[in-house]
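Here is the structure we will look at, set down as C-alpha cells.
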Amino acid sequence: MKYVDEYRDGKLARAIAETIRAEADPAKTYHFMEFCGGHTHAISRYGLEDLLPANVRMIHGPGCPVCVLPIGRIDEALELAKNRQVTLLTYADLMRVPGSKGRSLLKAKAEGCDIRMIYSTLDAIRIAEENPDREVVFFAIGFETTTPPTALAIKTAEKKGLTNFSIFCNHVLTPSAIRAILEAPATGKLPPVKIQGFIGPAHVSVVIGSKPYETFVEEFGQRIVVSGFEPLDVVQSVLMLVRQVNEGRAAVENQYIRAVVPDGNVAAQKLCDDVFDLRDRFEWRGLGYIENSALKLRDEYARFDAEKRFAVERIHASDNPACECGVILIGAKQPADCKLFGTVCTPETPMGSCMVSSEGACAAHWTYGRFRDKAKKQDERRRAS
Amino acid sequence: MNAPAEPRLRHRKMDVKSGRVDLSHGSGGRAMAQLIAEIFHDAFANEYLDQGNDQATFPAPAGPGGRMVMTTDGYVVSPIFFPGGDIGSLAVHGTINDVAMGGARPVALSASFIIEEGFPLVDLQRIARSMGEAARDAGVPIVTGDTKVVERGKADGVFISTAGIGVVADGLELGGHLARPGDRIIVSGSIGDHGVAIMSSRENLTFDTAILSDSAALHRLTEVMIAAGGPSLKLMRDPTRGGLAATLNEVANQSGVGIRIEEDAIPIKAEVAAACEFLGLDPLNVANEGKLIAVVAREAADAIVAAMRAHPLGKDAAVIGEVIEDDQHFVQMTTAFGGGRIVDWLSGEQLPRIC
C-alpha cells in the first residue's frame, strides 16, 4: 500500500525507538498525552509501548468522540428514535454505546425503531430523498474532522429543498478539551496530571491547522507535536517531544507535514462557520461540562436542527459511581487501576465511556494490551515487599 | 423434495426467465412439484435425490472408519451473489468444510430453502445450478432437500439450511481441546478475502476491487494433511465468521493454552490489506470461506506445510505461530514493529450476514 507501508516500517521504527532510548534521560520521567483515539489505537495496535523506554509514559487522552458523548445524549437519541415518524441514521460505532438502564440504539433497533447505520453524510441525504414520508434524522457526532461533512449535508439538504432532513448535533471541539485538561489543576474540577507534552491530533489538525495550539505554549508552556496516525509518525513525534523536554523548549511542532499546514483547511472552516455556532457549554462524558466546547446549528438553519424540530428534552444521566473514566481520560489513573475494568466493564458490556469505542483508553488496553497486566502487578507486589 | 422424477402430466415449462416465486410454489401443489423438478432436480441430479422420496436412502459408507460426523449450517449471506461465488456454492463449500475439519470424508449433503415470495426464478435457478456444480466438483451429492415459501417481507430473498454427513477414519482424533505448548499453528493461505469480497459488493459500500471470495471445499486439502501428518495433526478449523482471531481464541480457550503468532508471517493479499485499511477493519477479524488453520506437533509442521503447498488450495500455507503456556489463555501477536499485542475476539458486529 503506497503511502501507508512507508509509515509502518518496523525496522525504521525500532531505529527511532533506539534513539529515544539513547536520548531520554534516565533520571527523568517523560509523560506525554496522545489526545486522539486514533493515536491510542496505533500505540496499542502496534505494541509501541514495548518499544519505548520505561520512563517514557504515554497517557491516553479523551479524543474519542464516542467515548466523550454523555449518556444523556444517547438517551435523548433513543427518545428521538421512539418517534414512529423518525428514521435515525448513525455511524456504526454509536450503535452499541449504552445509554442509561442498559439501553442502546442496537437494542432499540431490535425493538422495532427505525435506526440505520450509514457510512457517510451523503447516504443520509440519499435516504432522506428516497423516503419523503419519513423524518430522517442524522446523529451527527465527532470532532472537527467529521464536522465539515455534516455542514456539507446541511448545505446540500438546503439546496435540494429537503424538508424531512435534520441532524442531532453533537460535534465537539478539540482545543476546548485540551484547555479543560490543562486548566484542571487550577479549577480543581479534574485531578491534576503531569503532562509534559501532547501528541497533537492528525485529522483534526488537517482541518483546523496547527495554529490553534499555539495558545497552549503561550499560556501553559506546553509542548505540542502534531502527528500522523501511522505508527512511525507516533514514534517520531515522541522523539520530537523528548528532544523539546531535553532542550528545555516548548513549541508547536508539526510532524504531520504531509497533510497539516498552519492555517488548516480554510474552505472547510468557512463551511463550518456558515452552518454552526458555538454552544455555551456542553457535557463531556468523563470530563464534565466544558464551556464553548461544542457546536450547534445557526439560527438560519434551525429547521434542520432535530433538537428544535422534535423539542428534544435535555436528559442528564450519571455514570456508574465506581467508573474511573474521568481520571483515566486525563491520565491520572490507568485502565487496570479501575475496579470495574475487565470485571463488569468489558467491550461487550461497557460501563464507562473509555470502554465503548475501540479508540477509548480502556477498550484499547483491554483489546490489545491487557496481557501485560498480570506481570506488571506481580512486579509491583515484588517491589512493595 | 419428493417431486416425481417424471411428471405424469405434460404441461408448459415454468417461465424461469421472467417468472417469480409465489406462494403456490410452497403450497404442496403442482406448482411446487414443478419448481422442484425444473429448478432443483435439474440442477442437483443424482441417483439418491432422483428416488423422489421424503428421504434419501443410500448405502452405508464402505471402508475403514466406524464413526460418522454430522453438521448443520444456515446461509443468509447478503448480497446473494458476490465476487467469487454465491449463496449456493457457499452453502455447499461451508457444509463440506465443517465435515472435513473433523478429519472426515464428506459423504452427502441436504439443502433446505426458505424463499421469499417474489424472488426471481432466474436467480433461484442460478443459485441451484451453482450448488449442483459445487457439489459435483466436490464429489459430494445433495441427496435430499426441502422448499418453503414465505410471504414478502418475511425473509430476504432466499435462505438456505444445510446438513452434511461424513465418515472419519478410526484412530484419527482431532479436537479443539488438543493443542499443547510447543505445537505449531498453520494457516492454509491468505486471510480476509471472503469478507472483503462481500463488503465490496454491499449496496451502500460498493468499491472496485479485484478480490474474489475464497469460497472453496477443503476436504481434498484436509485429506492430504491427514496423510502427511497422521497423529501429529491435532485439530483443524475453518476461520469463517470472526476470522482468524476468533478461531485462535476458541482453540486457546478449549485447550487451556496461550497462542503467540507473528504478524509478519500471516499471509494477507495487498488488496485485502488496502481494503481493510480504508474500511477500518482488522484482517484478523474478517471472514474466510476457503481457508483453514491447523494445530500440529512441532516436529511434523514442515512436512505438513510442504504437503499443503503441493495442493492448489494450500499453496500459500505457512506456519504463523505456536502454542504457549498461558493460564490466561491469551492469543498474543508480535507485531511487525517487534511490540506485543493481544489478538482478541471481535466485540459486537463487524459486518452482518457474511455467510
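The values are calculated or read from the model by the stated rules, or taken from the named source; none is laboratory data. What you see is a predicted model; the values in this text were computed from it and never measured. Here the Cβ positions follow ideal geometry from the backbone for every residue, glycine too, while neighbour counts run over all protein chains shown. Heavy atoms of the whole protein, side chains included, go into the accessibility calculation; ligands, DNA and RNA do not. Shrake-Rupley method; radii C 1.70, N 1.55, O 1.52, S 1.80 Å.
How many of the residues in the range B:115-137 are in a strand (DSSP E or B) and under 19 Å from the mean Cα position of the chain (by Cα)?
Counting residues in the range B:115-137 that are in a strand (DSSP E or B) and under 19 Å from the mean Cα position of the chain (by Cα) gives 0.
Confirm whether A:Thr367 is in a helix (DSSP H, G or I) and among the polar types (S, T, N, Q).
So A:Thr367 fits the description; yes.
Is it the case, given these coordinates, that B:Asp170 is modelled with pLDDT under 95 and either of a type in the set (D, E, K, R) or open to solvent by 30 Å² or more (accessible area, probe 1.4 Å) (or both)? Quick ask: steps written out before the conclusion?
On the way: modelled with pLDDT under 95: yes; either of a type in the set (D, E, K, R) or open to solvent by 30 Å² or more (accessible area, probe 1.4 Å) (or both): yes.
Yes, satisfied.
With B:Gly74, B:Gly94 as the choices, which residue is among the small types (Gly, Ala, Ser), closer than 30 Å to B:Gly166 by Cα, assigned to a strand (DSSP E or B) and at pLDDT 95 or above?
On inspection, the qualifying residue turns out to be B:Gly74.
Could you please give the count of residues in the range B:138-157 that are in a strand (DSSP E or B) and either open to solvent by 30 Å² or more (accessible area, probe 1.4 Å) or of a type in the set (Lys, Arg) (or both)?
So the first thing to find is which residues in the range B:138-157 are in a strand (DSSP E or B), and the list is B:142-150.
Those left that are additionally either open to solvent by 30 Å² or more (accessible area, probe 1.4 Å) or of a type in the set (Lys, Arg) (or both): B:144, B:146, B:148, B:150.
Here the count works out to 4.
From the list A:Phe168, A:Phe229, A:Phe220, A:Phe198, exactly one residue is farther than 30 Å from A:Val136 by Cβ, over 15 Å from the mean Cα position of the chain (by Cα) and of a type in the set (A, V, I, L, M, F, W, C). Which is it?
Selected residue: A:Phe220, the only one of A:Phe168, A:Phe229, A:Phe220, A:Phe198 that is farther than 30 Å from A:Val136 by Cβ, over 15 Å from the mean Cα position of the chain (by Cα) and of a type in the set (A, V, I, L, M, F, W, C).
Report those helices (runs of 4 or more DSSP H) wholly inside the range B:190-292 carrying at least 2 residues which are touching a helix residue (DSSP H, G or I) at 6+ places or on another chain (Cβ under 7 Å), of a type in the set (A, V, I, L, M, F, W, C) and within 22 Å of B:Thr334 (Cβ to Cβ).
Values: elements: B:193-200, B:219-229, B:243-255, B:270-279.
Per the criteria, B:243-255, B:270-279.
Considering each residue of the range A:266-297, count those that are more than 30 Å from A:Pro185 (Cβ to Cβ), surrounded by fewer than 17 Cβ atoms within 10 Å (Cβ to Cβ) and out of contact with any Lys or Arg (no Cβ under 8 Å at 6 or more places or on another chain), and give that number.
Total satisfying the criteria: 4.
What pairs come up if the first residue lies in the range A:111-123 and is within 14 Å of chain B (Cβ to nearest Cβ), the second is among the charged types (D, E, K, R) and not in a loop (DSSP other than H, G, I, E, B), and their beta carbons are under 8 Å apart, counting only those six or more places apart or on different chains?
A:Ile115/A:Lys109
Based on what the data block shows, is B:Pro79 assigned to a strand (DSSP E or B), closer than 20 Å to B:Gly290 by Cβ and not small (Gly, Ala, Ser)? First the steps, then the outcome.
On the way: assigned to a strand (DSSP E or B): no; closer than 20 Å to B:Gly290 by Cβ: yes; not small (Gly, Ala, Ser): yes.
No; evaluated as a whole, the condition is false for this residue.
Could you list all residues from the range A:169-183 that are in a helix (DSSP H, G or I) and under 16 Å from A:Gly288 (Cβ atoms)?
A:Ser176, A:Ala177, A:Ile178, A:Arg179, A:Ala180, A:Ile181, A:Leu182, A:Glu183 - these are the residues of the range A:169-183 that are in a helix (DSSP H, G or I) and under 16 Å from A:Gly288 (Cβ atoms).
Filter the range A:229-250 down to the residues that are within 14 Å of chain B (Cβ to nearest Cβ) and either of a type in the set (Asp, Glu) or open to solvent by less than 20 Å² (accessible area, probe 1.4 Å) (or both) and list them by number.
Narrowing the range A:229-250 to residues within 14 Å of chain B (Cβ to nearest Cβ): A:229-236, A:238.
A:Glu230, A:Pro231, A:Leu232, A:Asp233, A:Val234, A:Val235, A:Val238, listed by residue number.
Taking the criterion of being in contact (Cβ under 8 Å) with a residue 24 or more places away in the chain and closer than 18 Å to B:Glu223 by Cα, would at least one residue in the range B:138-155 satisfy it?
Residues of the range B:138-155 in contact (Cβ under 8 Å) with a residue 24 or more places away in the chain: B:138, B:140-155.
Going one step further and asking which of them are closer than 18 Å to B:Glu223 by Cα, we end up with B:138, B:140.
Yes, the conditions are met somewhere in the range B:138-155.
Report, by residue number, each residue of the range B:21-41 that is more than 28 Å from the chain's Cα centre (by Cα) and open to solvent by 20 Å² or more (accessible area, probe 1.4 Å).
B:Asp22, B:Leu23, B:Ser24, B:Ser27, B:Gly28, B:Gly29, B:Arg30, B:Ala31, B:Met32, B:Ala33, B:Gln34
Results for (1) at pLDDT 95 or above; (2) over 30 Å from A:Tyr119 (Cβ atoms); (3) in contact with a Cys (Cβ under 8 Å, 6 or more places away or on another chain); (4) open to solvent by less than 20 Å² (accessible area, probe 1.4 Å), shown as yes or no for each residue.
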| position | (1), (2), (3), (4) |
| --- | --- |
| B:Ala270 | no, no, no, no |
| B:Ala273 | no, no, no, no |
| B:Leu279 | no, no, no, no |
| B:Asp282 | no, no, yes, no |
| B:Leu292 | yes, yes, no, yes |
| B:Val296 | yes, yes, no, yes |
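Of everything in the range A:343-377, what is away from every other protein chain (no Cβ under 11 Å) and either of a type outside the set (Lys, Arg) or open to solvent by less than 30 Å² (accessible area, probe 1.4 Å) (or both)? Give them in sequence order. Before the answer, list the steps.
Step one: filter the range A:343-377 for residues away from every other protein chain (no Cβ under 11 Å), giving A:343-345, A:351-354, A:360-362, A:376-377.
A:Thr343, A:Val344, A:Cys345, A:Met351, A:Gly352, A:Ser353, A:Cys354, A:Gly360, A:Ala361, A:Cys362, listed by residue number.
Listed here are the residues, each with its yes/no results for (1) hydrophobic (A, V, I, L, M, F, W, C); (2) crowded, with 17+ Cβ neighbours inside 10 Å; (3) more than 14 Å from chain A (Cβ to nearest Cβ).
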| position | (1), (2), (3) |
| --- | --- |
| B:Val251 | yes, yes, yes |
| B:Asp302 | no, no, yes |
| B:His329 | no, no, no |
| B:Thr334 | no, yes, no |
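Do any helices (runs of 4 or more DSSP H) lying entirely in the range A:1-97 carry at least 2 residues that are within 11 Å of chain B (Cβ to nearest Cβ) and farther than 30 Å from A:Ile127 by Cβ, and which ones are they?
Of the helices (runs of 4 or more DSSP H) lying wholly inside the range A:1-97, those with at least 2 residues that are within 11 Å of chain B (Cβ to nearest Cβ) and farther than 30 Å from A:Ile127 by Cβ span A:10-23, A:37-45.
In this structure, is A:Arg103 within 14 Å of another protein chain (Cβ to nearest Cβ), basic (Lys, Arg) and open to solvent by 10 Å² or more (accessible area, probe 1.4 Å)?
no
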